[in-house]
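Q: Please see the structure below; I have some questions.
Here, each number is a calculation from the coordinates, and none is a lab measurement. Fair warning: this is a prediction, and the values are worked out from it, not measured in the lab. Cβ: placed from backbone, ideal geometry, glycine included. Neighbour counts: every protein chain shown.
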Amino acid sequence: MIESVESLPSYKDWSFAAVRLLQGAVYSDDAAWDILLRHQTPLRDYFARIGLLLVVDEPEGLAYIRQLSEDEAVDDYGNLPKLFRRTRLGYDTTLLCVLLRERLRRFEEEDLDNHRCVVDQAELLESWKNFFPGKEDEVRLQKTLDTAFRKLEGLKFVSRFGDTAGCWEIRRILKARLPVDELEKLKEQLTAEAK
């Protein structure tokens, strides 16, 4: 039997923020940010019922939801199907994540005046080439870099910045998904593979 629309639970003030979180990370410049901050408790409760954890990092201006890890899951939460699938990134995309995460780390240490970390794709190509010594021509390397940027755009790790072609903002979700300790391990692996 199909239920009617009238039998739906009532709309909540935080419903908009919940949907935005299900779509991906929410940043302080998002229309859902203030709603999210005002309604953190009901949002945490809502997501916890389905085995998701709401992470709010106010200083970074970032919020997202993630699956409970096995050691965090209590009772029967470990039996819930996974809503988010872990996608293995290929070499090119992983390399770009490492290069961008390193840029974001340096930006946070050195540039105290700006809020957004923006990179120029053409400038990043020089670093990119170091991981493909003598193997490919520059046009092909540019194409692989462009493809990697588009994949990261789909994951919302980067977004196009302004009207200038090839300018990308590194979104802070990359910092949450690739902490410094993991960054260092990946850098060592990628450097070893490039030799």
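Q: What distance in nm separates the two pseudo spin-label positions at L89 and D29, each 7 Å out from Cα along the beta-carbon direction?
A: Modelled inter-label distance: 2.1 nm.
Q: Quick one: if the Förster radius is 35 Å, what FRET efficiency do D45 and H115 give, using the C-beta to C-beta distance and rounding to 0.05? Write out the running numbers ahead of the final one.
A: Values: r = 31 Å, r/R0 = 0.89.
After rounding, the FRET efficiency stands at 0.65.
Q: With r as the distance between the Cβ atoms of K156 and S10 and R0 = 45 Å, compute the FRET efficiency 1/(1 + (r/R0)^6) and round to 0.05.
A: On the way: r = 30 Å, r/R0 = 0.68.
That pair, S10 with K156, gives E of 0.90.
Q: Within a 10 angstrom radius of the beta carbon, how do I35, I50 rank from fewest other beta carbons to most? Each step should come with its number before you reach the end.
A: Values: I35 18, I50 13.
Fewest to most other Cβ atoms nearby, the residues stand as I50, I35.
Q: Related question: Evaluated at 4 °C with a viscosity of 1.567 mPa s, what Stokes-Einstein diffusion coefficient in µm²/s does segment 91-194 have when Rh comes from the Kirkwood expression over alpha-carbon pairs? Numbers along the way, then the final one.
A: Working: Rh = 14.1 Å.
The calculation lands on 92 µm²/s.
Q: Right, here's the next one. Using the number of other C-beta atoms within 10 angstrom as an exposure proxy, rank C97, C117 with the fewest first.
A: Ascending Cβ contact count within 10 Å gives the list C117, C97.
Q: Say the cut-off is 24 Å between C-alpha atoms; which of K129/K151; K12/K175; K12/K151 go over it?
A: The answer is K12/K175; K12/K151.
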